[in-house]
Amino acid sequence: GAVVSQHPSWVICKSGTSVKIECRSLDFQATTMFWYRQFPKQSLMLMATSNEGSKATYEQGVEKDKFLINHASLTLSTLTVTSAHPEDSSFYICSARVAGGPLFFGPGTRLTVL
Amino acid sequence: QQQVKQSPQSLIVQKGGISIINCAYENTAFDYFPWYQQFPGKGPALLIAIRPDVSEKKEGRFTISFNKSAKQFSLHIMDSQPGDSATYFCAARGGTSYGKLTFGQGTILTVHP
């Protein structure tokens with residue numbers, strides 16, 4: 001299957017700082033990328049959908065000013081958690097697909113906010 | 001109507017046994033039903049997927065059974081192995097222009113040797 005990478009794999013930051021997570025499709029061009037959040041022993045919750053060159057579409061209840069998403073190219077999307085707080089600590093997973101194709105997930109980024 | 005309900009929440013199976021995980025949905029606009037396998041600390045990996053025009057799909061030890069009229073689908077893992085121990089998520093896609101997935105709650109599968 002196609003490969004999606006994320007960087008960093010884990011990050012620890014202080015409360016109030018901003019953290020950027022990168023998602024890259026390594027061997028295909030992704031027309032659409034999705035960002036998910038997963039708490040321990042829970043399912044994946046979709047945060048937002050991004051299409052290259054356009055603004056992200058956020059799910060209900062997700063603060064767009066707090067979770068900034070940029071899909072600058074067909075192989076790169078970034079999620080920036082601004083002014084992070086301990087309750088933002090979670091496992092963030094991106095996924096990518098070519099139009100009409102299956103969805104491939106990245107390995108996830110563990111964010112811990114102290 | 002966007003929900004996908006998955007059961008059981010956890011499942012313990014002996015090595016060599018059959019693991020069965022069930023999912024049900026309401027939205028008839030869903031047109032693609034994948035199953036994902038997730039190991040701790042890793043992202044989900046696509047296992048097998050089916051479309052509603054097919055009642056069954058088999059890939060190796062993994063089989064999806066699909067019942068369109070009942071709006072249910074299930075994953076069967078034959079000859080379960082300890083290495084299959086993971087969390088399994090069913091999902092459904094369709095009804096939107098971006099093709100986002102709606103996930104079930106997940107099933108923690110433990111296969112005892």
Problem set entry | Test item: B:35-48 mean partner chain Cβ contacts at 10 Å | 4
Seminar exercise, completed: Given a 1.4 Å probe, the accessible area of the range A:44-114 per residue, as a whole number of Å², is 43 Å²
For this session: Between beta-carbons, use under 14 Å as the cut-off and find the net charge around B:SER55, counting Lys and Arg +1, Asp and Glu -1.
Result: +3
Seminar exercise, completed: Bounding extents of chain B in its principal axis frame from Cα atoms, largest first in Å, are 43, 29, 21
For this session: Identify all aspartates and glutamates with a Cα-Cα distance to B:LYS100 below 14 Å; exclude those on the same chain that are fewer than 8 residues away in sequence.
Result: A:GLU59, B:ASP31
Seminar exercise, completed: Per the beta carbon screen (other Cys under 4.7 Å), unpartnered cysteines of chain A come out as A:CYS13
Seminar exercise, completed: Expressed as a percent, the accessible surface of chain B that is carbon or sulfur, using a 1.4 Å probe and the full set of protein chains, is 50 percent
Exercise. Which net charge results when you count Lys and Arg as +1 and Asp and Glu as -1 among the other residues whose beta-carbon is under 10 Å from that of B:SER80?
Worked result: 0
Problem set entry | Selection from A:HIS71, A:GLN60, A:TRP10 lying farthest towards where the dipole of chain A points positive, charges on Cβ | A:TRP10
For this session: Once you have a ≥ b ≥ c as the square roots of the Cα gyration tensor eigenvalues for chain A, tell me rounded if a/c is under 1.5, and otherwise prolate or oblate according to whether a/b is larger than b/c.
Result: prolate
Seminar exercise, completed: Excluding ligands, DNA and RNA, the carbon-plus-sulfur percentage of the accessible area of the range A:15-110 with a 1.4 Å probe reads 53 percent
Problem set entry | Between B and A, accessible area buried - total, square angstrom, nearest 100, 1.4 angstrom probe | 1500 Å²
Seminar exercise, completed: Of the listed pairs B:LYS15/B:LYS58; B:LYS15/B:LYS42; A:LYS41/B:LYS58; A:LYS20/A:LYS64; A:LYS41/B:LYS5, those with alpha carbons more than 22 Å apart are B:LYS15/B:LYS42; A:LYS41/B:LYS58
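The values are calculated or read from the model by the stated rules, or taken from the named source; none is laboratory data. Source: prediction; values computed, not measured. Cβ: placed from backbone, ideal geometry, glycine included. Neighbour counts: every protein chain shown. Surface areas here come from the heavy atoms of the whole protein model, side chains and all, with no ligands, DNA or RNA. Shrake-Rupley method; radii C 1.70, N 1.55, O 1.52, S 1.80 Å.
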